[in-house]
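The values are calculated or read from the model by the stated rules, or taken from the named source; none is laboratory data. This structure is a prediction, so every number in the text was calculated from the model and none was measured. No Cβ is skipped: glycine too gets one built from the backbone with ideal geometry, and neighbour counts run over all protein chains shown. We work out accessible area using only protein heavy atoms, side chains counted, and drop any ligands, DNA or RNA first. Shrake-Rupley method; radii C 1.70, N 1.55, O 1.52, S 1.80 Å.
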Number of protein chains: 4
Amino acid sequence: MSKYTRNKWRVKLHEIIYEADTPEGKLFDVVLLITILASILLVMLESVQSIDENFHNFLNISEWIITILFTIEYIARILTVRRPIKYIFSFYGIVDLLSTIPKYISLIIGGVHALAALRALRLLRVFRILKLARYLGASNNLLNALKASRAKISVFLFAVIIVAIILGTIMYLVEGEENGFSNIPKSVYWCIVTLTTVGFGDITPQTPLGQFIASFVMILGYGIIAVPTGIVSAEYTSQNKSVKEKENTPQNKTMPVQLNSQCCVNCLAVKHQDEAKYCHKCGCKLHHE
Amino acid sequence: MSKYTRNKWRVKLHEIIYEADTPEGKLFDVVLLITILASILLVMLESVQSIDENFHNFLNISEWIITILFTIEYIARILTVRRPIKYIFSFYGIVDLLSTIPKYISLIIGGVHALAALRALRLLRVFRILKLARYLGASNNLLNALKASRAKISVFLFAVIIVAIILGTIMYLVEGEENGFSNIPKSVYWCIVTLTTVGFGDITPQTPLGQFIASFVMILGYGIIAVPTGIVSAEYTSQNKSVKEKENTPQNKTMPVQLNSQCCVNCLAVKHQDEAKYCHKCGCKLHHE
Amino acid sequence: MSKYTRNKWRVKLHEIIYEADTPEGKLFDVVLLITILASILLVMLESVQSIDENFHNFLNISEWIITILFTIEYIARILTVRRPIKYIFSFYGIVDLLSTIPKYISLIIGGVHALAALRALRLLRVFRILKLARYLGASNNLLNALKASRAKISVFLFAVIIVAIILGTIMYLVEGEENGFSNIPKSVYWCIVTLTTVGFGDITPQTPLGQFIASFVMILGYGIIAVPTGIVSAEYTSQNKSVKEKENTPQNKTMPVQLNSQCCVNCLAVKHQDEAKYCHKCGCKLHHE
Amino acid sequence: MSKYTRNKWRVKLHEIIYEADTPEGKLFDVVLLITILASILLVMLESVQSIDENFHNFLNISEWIITILFTIEYIARILTVRRPIKYIFSFYGIVDLLSTIPKYISLIIGGVHALAALRALRLLRVFRILKLARYLGASNNLLNALKASRAKISVFLFAVIIVAIILGTIMYLVEGEENGFSNIPKSVYWCIVTLTTVGFGDITPQTPLGQFIASFVMILGYGIIAVPTGIVSAEYTSQNKSVKEKENTPQNKTMPVQLNSQCCVNCLAVKHQDEAKYCHKCGCKLHHE
């Protein structure tokens, strides 16, 4: 640990990059968020042929600037964390790498199409910043309601898929290949399009019997949309209630646990309490200013 | 009963096939589930012409393997149950038979198209396994809410259909055959497509008056989707509440009734209590290990 | 009143036709319901050209049978009610007449197309029978919830229409006539199609800006569907609660008011209490068997 | 203030135009509402070529009448308010101006197309009248629920957009330009069309993999529609409850605060209490009749 207490700038940098409690940390997050969004915009614009032809140089230079910024950030992240290997092979480590290297690779093997779009993965990085925001914001309620109803919604979606396969097969038999229902997977696809009330209209039933079954599928889909809504609604109501009850309970009022966005330099664990001096996961000392 | 206590393997096999309380019973269910899903995948792939042409032999052999497995299972089910006739003519008995024989019939009269798709009925068998899972899982709440609101949703859907017929007839008069509304059933079909917010777009109103009425239909459909959602949501909330109240009532806490997945060898009744020694339906002795 | 107490058959007939408390009255309603549904099916089938060509005679004869049945019913209704004029000019009186005469008119001026479809109005008669069912069934809760939230849903739908007009005008300016948005009413129609998530696809934005605004419209529509659902859901929950509270209140338990489907021969008022001897609207004597 | 107490007609006019407590004020609002709706209808009809050709003179004259009425109203608003500058540069002041001048400009530079449609902005003026109606009506509950859930719905919509960008990019890579997914922004547009269950069908996946991912997108969209509905529903239920609790609290029953639609002549502030003698914002005297 002595190495880290000596390298004060490293600790400082760690706090800026990985945490959002200090003004510098917040500024870093905001700048990073803007850079990511700008880079996504670049990827999108580049894919539009007419824009790419007219502003190719501008897009290219902007892309290089962002790539270099991301490279610096990536290196800084590796330097300030104690176990770089763990970071590099973590989910966000891989995302960070993948969103940085495409431009370098294009230098060597030329502009590969699919490679360029890979940069859209950068969007995933937004979630890291938003994750930190969670401790500052207050949308925990909603997330709890979704978590509580996750199992039930899975069961529901599984049932929807089974129904789609059965009805899709029936439609395949009724309509047949001449009306666009050329095989069972396509029929099932149509059935999902219809059950979810999306209704593209690229494949539509032509026979009276097919239209009758389709009507049944649509009304079914219209009716069962009530199920996930009812689940989330009920869970959310009960979450709201228990939160309010907790707030009214005197014990809780005297012991509010304040979680901050501190991030352990050793194991990258977050959600530390404000009074915590040591990481609750690896026991490594946390650095307060 | 003596015949069955002597044939220990039969009782054992019955427990494995029809129940899910022993490790072997659970393993059997998992294997069966995978086999069913694999066979459904086969049916789907076979219907895709390009795949069927390239991998015909592989698909054919796989289908034979699955057919033979299902045949063995079907015979085992008949052997281990006390009243085979009752099983054979039960809903799942017929489904089991129908999902097994298509391949045998195709040997005699050649590959009939519709017959092959009949095998998709195998998917219905999934419900038997899931039915057992119900006692282990906990989605009873949702099912109760759906059951409680079934009558109201039926009334609602009936009203939707009446509205669709009336508005469909009006659209038939307004738009007429030249705009695709060629007869009243087709107009009603269009109306259901629109009311349920599916909106294929294969038939669309062309006259200004028709588009005005269509707007009304759409807003109506958008508004009334609130009804089934409101019903399920309210029922589910009250189900949740009564369950929680029950859990807090002291009498209930001291008398938890444990239902298991045991299945009577005589009458196939399920939902026996853990302490039950005799079937609650026919009085026949249950076999505990 | 003496005239009516003498004409016992008239009173009896009134009870059968207008009420649903006696077995004969229920039988009459069921037969009428089936006849209405059969006549609707006839109207639908007749509009399908291929069916009409092949089974013209059968359809024609069936139509005549139903028309004669409806004529008899219409005359019986006039004879058994004390104030025939009031019935004839009531909503259901007009519907009854309109659903009976088209076939007679077609005799004089030949098969007019629009006239035939007028018979679909017969479906409105279903509501009279269902209205009686309300006192026997139990969907009052839902109707109360809908009534309570009617005003709010109207405000909501009015807001949706204003938003559709504003966004429709913007889309007209952005996309213009060359992309199908040929005038503002059509643009507003497109906007309603999109806001309600129906999405026919007969008119779609082609310019990037138009697609961007369309995305906004869609997400808006996706978000605001929550509003009517939330309203109905909340109203229904509170309706459910107050009903349960009422049921638990001792006074209410001792005084259950039983409403029956009796219909006053004089003023056609319904919803009389079981113990009522005189009509609560006009004071005319009610006839119990 | 002396200037205003002398100019009694000015105070009176202010009350009629800006407030809705007197019969004259209400009449003015109703007339204005009808004029606005009539002018919107004019704008819409004018955009329909066939109507514009046949009734050009009638539409032109009607437009001039409405423009002159709006001009008079605009001048009256400036005259009766104490700080005309503040009104002119307020939101509604600009809307009032913009909805009045297009016809005058068309005199000078000829009928500019886009300019004519600008008049649709008049619809925004409806909100001013409806705003006053709020104090008379009772839809505050719903607005509070929407306000309370605004933050959560924003987070939700932000998440939807991120998901749309990621899935849109994936679809761009999978389907490619030959199937209509010609660039990433268009792919994202398609993804929003699908996620919101609108489903135009102008762009549809053609490859099996694309259809599989599309199915996933649709089921996702079908599932997450539950989230905003659940939020609004829960918020609205709790709003309803707290309102009812307030109504049952004795203190509140003895102190109902009556807000009226009076509007300060000085600062245009509204929502004054019935007993208020001075504006709660600027302290200027309010004029009661």
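Just a few scattered comments:
- In the context of the full set of protein chains, residues of the stretch B:29-104 present 52 Å² of accessible surface per residue (probe radius 1.4 Å, heavy atoms only).
- Estimated distance in nm for a label pair at B:GLU24 and A:LYS147, the labels positioned 7 Å out from Cα along Cα-to-Cβ: 4.1
- Probe 1.4 Å - accessible area at A:PHE158, Å² to nearest ten: 90
- Accessible area per residue in Å² at 1.4 Å probe, computed on the stretch A:152-224: 31
- Legend: calculated FRET efficiency, A:LEU41 to C:ILE72, from the Cβ-Cβ distance at R0 = 51 Å, rounded to 0.05, equals 0.10.
- Using a Förster distance of 60 Å, the FRET efficiency for B:VAL31-C:ILE105 (Cβ separation, nearest 0.05): 0.30
- For D:GLU53, the solvent-accessible surface with a 1.4 Å probe is about 140 Å², rounded to the nearest 10.
- Sorted from nearest, the other copies put their A:PHE127 label points 3.6, 3.6, 5.1 nm away, the label point being 7 Å from Cα in the direction of Cβ.
- Probe 1.4 Å, all protein chains present, accessible-area order of B:ARG119, D:ARG83, largest first: D:ARG83, B:ARG119
- Cross-linked pairs A:LYS26/D:LYS152; A:LYS12/A:LYS86; A:LYS152/B:LYS186; D:LYS147/D:LYS186: Cα-Cα separations exceed 27 Å for A:LYS152/B:LYS186; D:LYS147/D:LYS186.
- Computed on protein heavy atoms with a 1.4 Å probe, the accessible areas place A:LYS152, A:LYS12 in the order A:LYS12, A:LYS152, largest first.
- The residues of the stretch D:221-237 occluded by other protein chains by 50 Å² or more of accessible area, set against the chain on its own, are D:TYR222, D:ILE225, D:ALA226, D:VAL227, D:THR229, D:SER233, D:ALA234, D:TYR236; surface from heavy atoms, 1.4 Å probe.
- Position C:ALA76: other-copy label points at 6.3, 6.3, 8.9 nm, ordered by increasing distance, label point 7 Å along Cα→C-beta.
- Note on D:TYR18: accessible area is roughly 20 Å² with a 1.4 Å probe, heavy atoms of protein only.
- Once the Cβ-Cβ distance of A:LEU209 and D:LEU157 is raised to the sixth power relative to R0 = 35 Å, the FRET efficiency obtained is 0.30.
- Distances from D:GLU178 to itself in the other copies, using label points 7 Å out along the Cα-Cβ axis, amount to 2.9, 2.9, 4.1 nm in increasing order.
- Pairing chains B and A buries close to 3700 square angstrom of accessible surface in total, based on protein heavy atoms and a 1.4 angstrom probe.
- For the stretch C:53-107 versus the stretch A:174-236, the spacing of their alpha-carbon centroids is 39 Å.
- Gain on full stretching of the segment that runs from D:TRP9 to D:ILE61 - 0.36 nm per residue minus C-alpha separation: 15.6 nm
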